[in-house]
Every structure is written in C-alpha cells, then in structure tokens.
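The values are calculated or read from the model by the stated rules, or taken from the named source; none is laboratory data. All of these numbers come straight from a predicted model, not from anything done at the bench. Positions of Cβ are backbone-derived with ideal geometry, glycine not excepted, and every protein chain shown enters the neighbour counts.
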C-alpha cells in the first residue's frame, strides 16, 4: 500500500468517526422535541386567555424547529458517512470533493468563533 492509499484509508475512517459524532450531536434537540410534543398533547397547563402566548403555538415551535435541526444534522452525518464510504472504494471523487467544500464553511465558522473567543480572552487579560 502506497502513501496515497494509506491517506485515503485514514481519511475514510475519519469521515466515519466524524459522521457518527455529527449524528450523535444532531440528537441533542430531541429534548426540545419531546417537550414540544408534551405541550401539543396537553401535558402542560394551558395558558389563560389574558393575552399570553398560546401553549399550542409554543409547542408547535418546540416541535418544528428541533425537528428541522435534527433532520439537517442527520442528513449532514449521512452524507459524511457516504463520502467516507466512497473514499474507501475510491469512487465518486466529485461527490467527496463537493461535500468537502461544503464542510469547509463549518471550519471557517468554527475558526471565526475561535478568533472572537481568543480576542475576548486577550482583551480581558490586558
């Protein structure tokens, strides 16, 4: 096995690992989803009619928003695992390349958050 094949094998393994982690972290909003379902089914006290926000609409928001976040996270995780599988088979390089470009915006976002955080730390120390 030459070095390029070894790197592709490692890259595919890391795609599997990151895909599994992404699927795990995409399950975090399930708590909000369950609270929203409980609100919709009436397990929480209903709000009075004195102008408060209706519990049904609040419960609906608690179902739709986490549901959308979870579906997007699972879709990204599945695409990561598929890209890892394609890298292991040495096929569909254009899919792997285009999805890799899509993943770069997550790195850029993380990097900007890191820089903002480090700037805040530097200014508080001085």
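Brief remarks on what is shown
- Restricted to the range 87-116, and to residues there that are assigned to a helix (DSSP H, G or I) and in contact (Cβ under 8 Å) with a residue 60 or more places away in the chain, the residue that is surrounded by the fewest Cβ atoms within 10 Å (Cβ to Cβ) is 88.
- Residue within the range 39-56 that is closer than 28 Å to residue 21 by Cβ, touching a helix residue (DSSP H, G or I) at 6+ places or on another chain (Cβ under 6 Å), modelled with pLDDT under 95 and surrounded by 15 or more Cβ atoms within 10 Å (Cβ to Cβ) present: no
- Hey, residue 20 more than 19 Å from residue 8 (Cα to Cα) and either in contact with a helix residue (DSSP H, G or I) (Cβ under 9 Å, 6 or more places away or on another chain) or not in a loop (DSSP other than H, G, I, E, B) (or both) or not: no
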